[in-house]
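Working notes, structure below.
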Amino acid sequence: MRLDDRLVLITGASSGIGAATARAMADVRARLLLTGRNRAALDAVAAETGGRPVVADLTTGA
């Protein structure tokens, strides 16, 4: 599967399944928009995958 230049939004990308999904999507060359609550962990995943990090808590609705 190739996702060349497709934009993929991954929530919870700072750890666990979200971080693993970010890595998998980077492997198939998707562009990544990554959200998560932990800035340091999210920045690390973004640096590893080339994704763009957005620190946000989507559970608050704000």
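Hey, can you tell me all the residues within region 14-41 that are farther than 17 Å from Leu58 by Cα, over 8 Å from the mean Cα position of the chain (by Cα), among the hydrophobic types (A, V, I, L, M, F, W, C) and not in a loop (DSSP other than H, G, I, E, B)?
Ala20, Ala24, Met25, Ala26, Ala40
Inspect all residues belonging to region 3-10 and state whether any of them is in contact with a helix residue (DSSP H, G or I) (Cβ under 9 Å, 6 or more places away or on another chain) and either in a strand (DSSP E or B) or in contact (Cβ under 8 Å) with a residue 40 or more places away in the chain (or both).
For region 3-10, residues in contact with a helix residue (DSSP H, G or I) (Cβ under 9 Å, 6 or more places away or on another chain) and either in a strand (DSSP E or B) or in contact (Cβ under 8 Å) with a residue 40 or more places away in the chain (or both): present.
Within region 1-27, track down each residue that is under 11 Å from Thr49 (Cβ atoms) and not small (Gly, Ala, Ser).
Hits for region 1-27 are Val8, Ile10, Thr21, Arg23, Met25, Asp27.
None of the figures in this text is laboratory data; all of them are computed from the coordinates on show. From a predicted model like this one, the values you see are computed outputs, not experimental measurements. Glycine gets a Cβ as well: all are built from the backbone with ideal geometry, and neighbour counts include every protein chain shown.
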